[in-house]
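For reference, the structure is listed below as structure tokens.
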Amino acid sequence: MAKLSIRGVSRRYSGTDGDVHALDNVSLEIENGEFVVLIGPSGCGKSTLLNLIAGLDPPDSGEIWEDEKRIKGPGRDRSVVFQDGALFPWLTVQKNVEFGLKQMGLSPIERKRRASYYLKLVHLSQFVDSSIHELSGGMRQRVAIARALALEPDALLMDEPFAALDAQTREDLYRVLHEIWDRTRTTIVFVTHNVREAVCLGDRVILLSSRPGRIHAEYPIKLARPRFIDDADVASIARRISDVLKEGLDASRREEYDADWVPAEAGVLRPVDGMLGDHI
Amino acid sequence: MFFGLLMACWAIISKYGKWEEALFPSPVQVFRAIQRGVLDGSLTRSTAVSMKRMLIGYSFSMCIGLPLGIMLARVEWMEDTVGSLVLGLQTLPSICWLPLALLWFGLNDMAILFVVIMGALLAITVAVKDGVKNVPPGYLRAARTMGVSPLGIYTQVLIPAAMPSILTGAKLGWSFAWRALMSGELLVVGLGLGQQLESGRDNADMSQVIAVMLVIVALGLFTDLAIFSAIENRVRLRWGLTGIRSA
């Protein structure tokens, strides 16, 4: 029995220029303790799928099950790390992490203990009393991860959590995330548009095609951990996935541009003031 | 220093200026008038009466304005109906309600309270509504994934998230209420600082008039600095909204 089971899910939403068919009959099984990465071009519905699993939006058709129970709304058993963190600026770091625990009705002492434990896990013990605005982007995402983990969820859903960070910070956070996953073995569903990030983190990479969003391909990643973003193996698998992604990507990019736009061909950048081969 | 200079100018103008001293009293005379008012209790008593009206009217406005503003922001049909009414009424200076209030409630405290409430309530409601509407939806989504209760959405997310705007509304409401109260008291018989102004005019006692004006300014400054600014600074510090000053 899979931990999360997505059965024939479709979802449309109406934008300003008509209906968008975000997901079309998507089925997917995610095992307990698995680290699954959803990847695809922008607008392929990967975030939509994550929101459906989180229960923040209902599917138009199809069902999503967690263990023996059907998902009908958001719940603490599936906590979410949002792209912008969605931390509460009116609370301290500590109180942000305690927020969900307070909703669970835990005693203040127990809340404090658990929040401290998870803040230590993301190496933020020194900043418990800081305000959110005092933290850097990477620190904020670490708080967001601690806040989600503190609920001790069955599944951790991450929606492009590192997309807004610089490369160095991102690599640090890969390590933090590896460490956490190694310790907790929580099921993780991770959405990204960065192929290398996907290969570096996931046990399995699911490639979604765009409009309508369907599962295009699946890649089990059997590399040993810890992996690094610059590993040759990571790079070569990422390259393979990129090539497949690119075909779909060009299609979706064309949708976002005018009709006369052509995606760049691989090739040589010509100098503007002369011919190739001048001055030989 | 600045205020010292101002006092000096005031003293000089009152001594050598165009008006005689009865119409433009010197700082010393005004100070004596304040002293007199405090000693015979007329000034303190009317301050107490005005503050009492203010507190009742203002608390009432906050108690209604806060939930009303939140409802207007959250319930669409409420905004379409009550929301437009509130916006429309807000353009009306609250003292314009006085004639109606006098007919409805008679020449008493209720009429003045009504004017005070009409001054504060609408400003507070509109500010709260705008504040709640501008809460990023991401906060609500995040709170829902953490299992917040339906009531908790309001008490633990929407209200704290809108707090900077709510404070602005509270402050604006206070100053509107204060203005409404003074105009009301000027026009309606009954104790209060506004009435002291009026009686100062009747008795051609300009030092009393200016003394009362100073008390009104002092009370305004006090509530602003001691209450609103103090709370506001705490919120700003937490949110990191410390602002930019030119060097």
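Computed from the coordinates by the stated procedures, all read-outs in this text should not be read as laboratory data. None of the values given here were measured: they were computed from a predicted structure. Cβ: placed from backbone, ideal geometry, glycine included. Neighbour counts: every protein chain shown.
Observations
- Percent of C-alpha pairs per 20 Å bin in the protein assembly as shown, short distances first: 17, 37, 25, 16, 5, 0.
- Rounded FRET efficiency, nearest 0.05, which uses the C-beta distance separating B:ARG234 from B:PHE60 and R0 of 22 Å: 0.30
- Within chain B, longest stretch free of exposed trypsin sites (Lys or Arg not before Pro) [DSSP loop, at most 10 other beta carbons within 10 Å]: B:19-244
- A straight Cα-to-Cα reach below 17 Å connects A:LYS112 with the lysines A:LYS95, A:LYS102, A:LYS120, residues fewer than 8 places away in its own chain not being considered.
- Degrees, to the nearest 10: A:232-256 long Cα axis against longest axis of chain A: 70 degrees
- Applying a DSSP loop filter and a limit of 16 other Cβ atoms within 10 Å to the trypsin sites (Lys or Arg not before Pro) in region A:145-192 leaves A:ARG185.
- Normalised size of region A:121-217, defined as Cα radius of gyration per 2.2 N^0.38 Å with N residues, equals 1.16.
- For A:LYS246, a cut-off of 17 angstrom between C-alpha atoms picks up these lysines, skipping any fewer than 8 places away in its own chain: A:LYS46.
- Shielding of B:144-154 by partner chains, average beta-carbon count, 10 Å: 6
- Cα centroid separation, region B:11-50 to region A:36-80: 72 Å.
- Pairwise Cα separations in chain A fall into 5 Å bins from 0 onward with the following percentages, short to long: 1, 5, 11, 15, 16, 15, 13, 10, 6, 3, 2, 1, 1, 0, 0, 0.
- In chain A, excluding the sites themselves, the longest stretch lacking any of the chymotrypsin sites (Phe, Trp or Tyr not before Pro) that are in a DSSP loop with at most 16 other Cβ atoms within 10 Å is A:1-227.
- Computing FRET efficiency as 1/(1 + (r/R0)^6) for B:VAL75 and B:SER149, where r is the C-beta to C-beta distance and R0 is 22 Å, gives about 0.70.
- Sites matching GluC sites (Glu not before Pro) across region B:1-82 that sit in DSSP coil, with at most 15 neighbouring C-beta atoms within 10 Å: B:GLU20, B:GLU21
- Site pair B:PHE105 and B:ALA22 shows an inter-label distance of 3.8 nm when each label is modelled 7 Å from Cα along Cα→Cβ.
- For chain B, the mean projected area of the C-alpha convex hull, equal to one quarter of the hull surface, is 17.8 nm².
- Span from the region A:127-182 Cα centroid across to the region B:145-185 one, whole angstrom: 33 Å
- Loop-located trypsin sites (Lys or Arg not before Pro) across region A:62-128 with a Cβ neighbour count of 14 or fewer within 10 Å are A:LYS72, with loop assigned by DSSP.
- Cα point-scatterer Debye curve for region A:48-134, base-10 log of I(q)/I(0) at q = 0.11, 0.24 Å⁻¹: -0.41, -1.16
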